[in-house]
Amino acid sequence: MPVLSMVSTRAGRDFVKRHPLRSDQMNKGENIFSGLPAVVRWLVFLGTWFVLYGPDLAALPVGVGAAVAATWTSLRLLPPGSFHPQLGSLSVLALRFVWQSVVAGIDVARRALEPRLPLRPGFVTYSIRMRPSPARSTFLSVASLLPGTLPTGLDETGALVVHCLDTEQPVVAQMAAEEIRLMRALGGEV
């Protein structure tokens, strides 16, 4: 018997929804631990282990075991076919993430050290398109790097409440642009 989770709508009505990553709701005839996705993930995890630990052949069995465990966990939590990242967009997004970090740090430091720069602190709300998911959590992390912004939580309607150093900046437009970029990079619909 499948386990169901309760999800509440904004109107307050409850309805039942199947959770796509529950093991009891996966196709039982499908072996997610075979094929190219498993090999690719295992190689990525083993490569990550080599980067972190170094090419010590004596410790290779530990790295292989860690890569197998990470691959198994990864395939259970994010089965093949449920995630279609666009590598080019992800690369651009990663570079943008680093750039935004630097720009945000400089902007905040400039505003703190230069008293003539206008500070109009306050809160704005942004309606997030993404449903609650790891991708949405990633978006919130990216959103915190926009210069002078910090996501503080959700309001009663489910909109993101963002603290801004200057409420006259186009924060909502920046949030929308970042969300679209992330959705494209992760292979989602815009």
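Looking at (1) more than 20 Å from R41 (Cα to Cα); (2) small (G, A, S); (3) within 22 Å of the chain's Cα centre (by Cα), which is the only condition S74 fails?
(1)
So which of V124, V172 is in contact (Cβ under 8 Å) with a residue 40 or more places away in the chain and within 25 Å of L90 (Cβ to Cβ)?
V172
Does the stretch 99-111 contain at least one residue that is surrounded by 11 or more Cβ atoms within 10 Å (Cβ to Cβ), more than 30 Å from R41 (Cβ to Cβ) and either in contact (Cβ under 8 Å) with a residue 60 or more places away in the chain or among the small types (G, A, S) (or both)?
Within the stretch 99-111, one or more residues are surrounded by 11 or more Cβ atoms within 10 Å (Cβ to Cβ), more than 30 Å from R41 (Cβ to Cβ) and either in contact (Cβ under 8 Å) with a residue 60 or more places away in the chain or among the small types (G, A, S) (or both).
Can you name the residue in the stretch 148-171 that is surrounded by 18 or more Cβ atoms within 10 Å (Cβ to Cβ) and under 23 Å from the mean Cα position of the chain (by Cα) and is also farthest from P115 (Cα to Cα) among such residues?
If we take residues in the stretch 148-171 being surrounded by 18 or more Cβ atoms within 10 Å (Cβ to Cβ) and under 23 Å from the mean Cα position of the chain (by Cα), then L160 is farthest from P115 (Cα to Cα).
Read-outs: derived from the displayed coordinates by stated rules, not from any lab. The model shown is predicted, which means the values in this text are computed figures rather than measured ones. Every residue, glycine among them, receives a Cβ derived from its backbone with ideal geometry; neighbour counts consider all protein chains shown.
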